[in-house]
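The numbers here are math on the coordinates, done by the rules we state, and not lab data. Owing to the predicted nature of the structure, the values given are computational and were not obtained by experimental measurement. Cβ: placed from backbone, ideal geometry, glycine included. Neighbour counts: every protein chain shown.
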Amino acid sequence: MRFADIIGHDDLKRRLAAQVDAGRVSHAQLFTGLAGYGTLPIAMAYVQYLFCPHRHDGDSCGICPSCQQLTALAHPDLHMVFPVNKREKRSGEVVTSDMFIEPWRELWQQNEGIFSADEWYARLDLGKTMKGLISAKESEEIIRKLQFKSYSSEYKAMIIWLPEAMNQEAANKILKILEEPWDKTLFILVSEHPELLLPTITSRTQEVSVGRIDIATLQAVAQRNGKEAGEALNMARLAGGSMLELRELMRGQTDESRAQSFELFTRLMRLGYNDKHLELFEWADDISALSREGQRQFFLHSVRLLRESYMIHAGLGAISYLWGEELKFCRNFAPYIGNQNIEILVDEIERAMLQIQQNGSPRIVFTHFALAVSKQINRL
């Protein structure tokens, strides 16, 4: 993948290319950002630029054997590690990334490198609750592979997608590599939640922060896909800088999720305002029955609705992107969202979202979350 294939992030792409051109290639780098921002493709384009013998004008050539092999994720000096798992494992069976490289390549090609962990776990058929992990055995394989000399490029590269899925033993083994790296070895961690990594790992890496894709770029993508300018702008705003969210909006797949999240949000706020604690327990049971993706969508939509309500409260409703029932509710709800509770409420959402991602009990997490929200709504 070339830098030219990456949507948005022009400044970051120029900066990464300039670092390679100047010979400033840190042996351990931590690319951080949500999957929908294109974090993994940017890391891959960076490796391709580094490997390409004919790079020019801030990009790889895209046609040499090295570029062709990297495009197919089949370069002998590129190694990939990602969370894996399987149902009905035999006793003592250990699964590694190499066992699932073909479905990984297929998912990469089909989605141009932009896909979520949930999409990957669905490809592995892990069900609603089972997740992937990076085991200590995988770390041993990393060490074994990197001991060999590069085959055709000056560098060899190891990309670890979602290193936060490593268990403690695996993380400690990786730490040893970061402390004493082999020469001409590039180690790239691509993380959505770097706060879950060991501090000793993050302190030994150079962070590359990948931010949201700008609204104008997403609007242009939507228009190229046949959306009218006004509709495209609305979609770009609602996507929150994420290509994944924009794709779902363009396919109309967020309608049901959006309606479900809106119903859960409004019920939570009304129950919280009226201090109906018994009903809040029932609400927690209802949302706990959703899939992890449904729960994630609830959190994302909740932050959006809180933000829009706060904007209306602050007199900025003219630039709010709401309509229909959402607009009607947020106008009525806006007086209860102000400087004294907006940050606390968002913090509660982020905390609960993180606990769910760490496989916390949904019923316990959402019960605590509902009671915490109720307390903040009643502050006004």
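Against the main long axis of the alpha-carbon atoms of the chain, helix 39-51 sits at an angle near 20°. Among His54, His193, His79, the largest mean-square fluctuation in a Gaussian network model of the chain, built with springs joining Cα atoms closer than 10 Å, belongs to His54. Computed over the stretch 253-377, the P(r) curve from all C-alpha pair distances, binned at 5 Å from the origin, holds 2, 11, 22, 25, 21, 12, 5, 1, 0 percent per bin. Panel note: the C-alpha atoms of the stretch 1-87, placed on their principal axes, show extents of 47, 28, 25 Å (largest first). If each Cα of the stretch 213-252 is one equal point scatterer, what is log10 of I(q)/I(0) from the Debye formula at q = 0.18, 0.22 Å⁻¹? With no solvent term, the Cα-only Debye profile gives -0.33, -0.50. In percent, rounded to a whole number, the relative contact order of the chain is 17, using alpha-carbon pairs under 8 Å and six or more apart. The GNM of the chain, with springs linking C-alpha atoms under 10 angstrom apart, assigns the highest mean-square fluctuation among Gly315, Gly33, Gly92 to Gly92.
Normalised by the number of residues in the stretch 3-209, the mean separation of alpha-carbon contacts (under 8 Å, six or more apart) gives a relative contact order of 31 percent. For the chain, the longest principal axis of the C-alpha atoms and the axis of helix 136-146 are separated by about 40°.
How big is the C-alpha Rg of the chain next to the rule-of-thumb value 2.2 N^0.38 Å, as a ratio?
1.07
From largest to smallest, the equivalent ellipsoid semi-axes obtained for the stretch 168-297 from the alpha-carbon gyration tensor read 37, 27, 12 Å.
Size descriptors for the stretch 3-209: radius of gyration and Dmax over Cα atoms are 16.3, 53 Å. The alpha-carbon of Lys131 sits under 30 angstrom from the alpha-carbons of these lysines, leaving out residues fewer than 8 places away in its chain: Lys86, Lys89, Lys145, Lys156, Lys173, Lys176. Could you state the angle between the C-alpha long axis of helix 101-111 and the longest principal axis of the C-alpha atoms of the chain, as a value from 0 to 90 degrees rounded to the nearest 10? That helix lies at roughly 60 degrees to the long axis. Compute the signed sum of charges (Lys and Arg +1, Asp and Glu -1) over the other residues within less than 13 Å, Cβ to Cβ, of Gln206. Result for the local shell: +2. Return the whole-Å distance between the Cα centroid of the stretch 124-151 and the Cα centroid of the stretch 41-70. The stretch 124-151 and the stretch 41-70 have Cα centres spaced 25 Å from each other. Of the GluC sites (Glu not before Pro) in the stretch 87-148, the ones in a loop by DSSP (not H, G, I, E or B) with at most 15 other beta carbons within 10 Å are Glu88, Glu93, Glu112. Listed values for the stretch 156-172 are Karplus-derived 3J(HN,Hα) couplings in whole Hz (6.51 cos²θ - 1.76 cosθ + 1.60, θ = phi - 60°), namely 10, 10, 10, 9, 10, 8, 6, x, 5, 7, 6, 7, 4, 5, 5, 4, 5, and x replaces Gly and Pro.
A cut-off under 15 angstrom between Cβ atoms defines the neighbours of Gly62, and their net charge, with Lys, Arg +1 and Asp, Glu -1, is -1.
Of the trypsin sites (Lys or Arg not before Pro) found in the stretch 153-188, the ones in coil according to DSSP and having at most 16 other Cβ atoms within 10 Å of their Cβ are Lys184. For the stretch 42-149, trypsin sites (Lys or Arg not before Pro) meeting the loop criterion (DSSP other than H, G, I, E, B) and having at most 15 other Cβ atoms within 10 Å: Lys86, Arg87, Lys89, Arg90, Lys128, Lys149.
Other residues whose C-beta falls under 15 angstrom from the C-beta of Asn172 contribute a net charge of -2, scoring Lys and Arg +1 and Asp and Glu -1. The value of relative contact order for the stretch 139-200, using C-alpha pairs under 8 Å at least six residues apart, is 45 percent.
Compactness of the stretch 83-142 was expressed as the Cα radius of gyration divided by 2.2 N^0.38 Å, which yields 1.14.
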